[in-house]
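Below is one structure, written out as structure tokens, with a few remarks after it.
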Amino acid sequence: MCLLDRVTSWDTGQISCEATSHLSPDNPLRSHGRLGAACGIEYAAQAMAVHGALIAEASAGEARHGPQIGYLASVRSVMLHVERLDDLGTTLLIRAERMSGDASTILYSFTVHGGPVLLLSGRAVVVLNAANLALPGRSNPPALPLPVHPL
């Protein structure tokens, strides 16, 4: 699923993209005939993925050990300023800025605008090549016990 139409600018610290797929009645994220504002997080996550791919392509001359697979590990401080994205009638402007990171994790801040109007914003942590984070001698990270809450 590719929701973005184009990258309008990027460098090693940020990326800006545009999208119109939120206006499509067959958008795969639509539910109950609408596209909720929280779906903007997926638009931002795709911008982050494209950013990672562009950086990897630009540094192709450097030694790399296979493709970097990124997982959206968490989103924080998400502020939704609208209820829906599909009733805006304008192009989405998605921006993601790399705030910090290393070979294992990257912290991004992101915004999604409809024209000059801020629709949503937040921060996201992307974990790269999660299998490499396993402890020595283990093929997977250890399972953590989950709390049981009565219904």
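The values are calculated or read from the model by the stated rules, or taken from the named source; none is laboratory data. Bear in mind that the values here come from a model prediction, so they are computed numbers and not experimental data. When we count neighbours, we look across all protein chains shown, and the Cβ atoms used for this are built from the backbone with ideal geometry, even at glycine.
Within segment 65-101, the residues that satisfy the criterion of being more than 17 Å from the chain's Cα centre (by Cα), at negative phi and in a loop (DSSP other than H, G, I, E, B) are His65, Pro67, His81, Val82, Glu83, Asp86, Asp87, Leu88, Thr90, Thr91. A single member of Ala96, Ala45, Ala49 is crowded, with 16+ Cβ neighbours inside 10 Å and in contact with a Phe, Trp or Tyr (Cβ under 6 Å, 6 or more places away or on another chain), and it is Ala96. Of all residues in segment 31-42 being at pLDDT 95 or above and not in a strand (DSSP E or B), which is surrounded by the most Cβ atoms within 10 Å (Cβ to Cβ)? Checked segment 31-42; the qualifying residue surrounded by the most Cβ atoms within 10 Å (Cβ to Cβ) is Gly40. Among the residues making up segment 100-128, those that are under 17 Å from Ile15 (Cβ atoms) and of a type in the set (Ser, Thr, Tyr) are Ser100, Tyr108, Ser109, Thr111, Ser121.
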